[in-house]
1. Roughly how many whole Å is it from the C-alpha centroid of region 1-65 to that of region 87-133?
2. Of all alpha-carbon pairs in region 1-135, indicate the percentage at a distance above 27 angstrom.
3. Stretch Thr55-Ala13 to full length: gain in nm at 0.36 nm per residue minus the Cα-Cα span?
4. Do any trypsin sites (Lys or Arg not before Pro) in region 1-69 lie in a DSSP loop with no more than 10 other beta carbon atoms within 10 Å, and if so, which?
Amino acid sequence: MSRHFADLRAPEAAGLSPDAVAVLPIGSIEQHGPHLPLSTDLVVAETLARDAVDTFGDACDLWLLPALAYTKSNEHAWSPGTMWLSATTLLAVLDDLARCLATTPVRRLVFLNGHGGNSALLQVASRDIRLAHGLSTFVMHPSLPADHG
């Protein structure tokens, strides 16, 4: 069975457990030097999230949400190809996605962040989402141990 949230039918989404965990990979589209693709942060977040859900999904009731590629990367705006959202827009997008998730029984949302420039904003979004939508939210980073953020 697929653990990709987008593959569920509406009745299946309505039947998810409140103990389920939705995992949202968050990356960026920005320069990473002349040797790496613009999608590097997105690929890292998406691949790690997919591997975690594939490996631990059944045991931990994990569900992979479609990745969010466009985020807060204006520190790289000087470089051609960088695609970024303002802080206001990204906060609104994250709130909208959480509001939608809150219509299901799922009560846990993990932001798996592949771009360091998103870190502070994701912490703010997490607090706001907890208050507005009653979800337990977590920010994880591929390069940090779990007890460091």
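Each value in this text was obtained by applying a stated rule to the coordinates, not by laboratory testing. Owing to the predicted nature of the structure, the values given are computational and were not obtained by experimental measurement. Quick reminder, even Gly has a Cβ in these numbers, built from the backbone with ideal geometry, and neighbours come from all protein chains shown.
1. So the two Cα centres are separated by 14 Å.
2. Details: 1916 of 9045 pairs.
Of all Cα-Cα pairs in region 1-135, 21 percent lie more than 27 Å apart.
3. Separation in residues times 0.36 nm, less the Cα-Cα distance, equals 13.0 nm.
4. Numbers: sites: Arg3, Arg9, Arg50; in loops: Arg3, Arg9.
Listed in order of number, the matching sites are Arg9.
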